[in-house]
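> Structure incoming, see below.
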Amino acid sequence: MDTSWMEHGRCADENPSLFFPSDGVGVLRAQRMCGTCRVSEQCLEYALRNKIDHGVWGGCSERERRRILKRRRAAGLTATAESAADSNQLLTAEAS
Ligand code: SF4
């Protein structure tokens, strides 16, 4: 999985502990920063696909990511299906 987006994250120069808060106030602080990050979608997808349990990624808390994964499972979307969709998009983009 491509991780080049990480260097463009708003948090690139921040203390990583900011994104592994121990309380709700810390979660909100991290989410505010993620809210202005231009790679938040890639960040969230990375955390979801790698089943990262801890921290705030892409503006989502651990609980929020668990909910997203649950909704995806319910919808029948697996990581494999998502990867196939991404591959198809890449192939389509390359063909045009
Ligand atoms: S979305 Fe948040 S955690 Fe992810 S790269 Fe951006 S600032 Fe960092």
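No value in this document is a laboratory result; all are computed from the given coordinates. What you are looking at is a predicted structure, and each value in this text was computed from that prediction instead of being measured. Neighbour counts run over all protein chains shown; Cβ positions are idealised from the backbone, glycine included.
> Report the calculated FRET efficiency for residue 23 and residue 70 (r = Cβ-Cβ distance, R0 = 30 Å), to the nearest 0.05.
The computed FRET efficiency comes out at 0.80.
> Which of 22, 40 has the fewest other C-beta atoms within 10 Å, and how do the rest follow up to the most?
In increasing order of surrounding Cβ atoms, one gets 22, 40.
> Quick one: which residues, 5+ away or cross-chain, put their amide H under 5 Å from the amide H of residue 58? H built at 1.01 Å from N.
Those lying under 5 Å, H to H, from residue 58 are 44.
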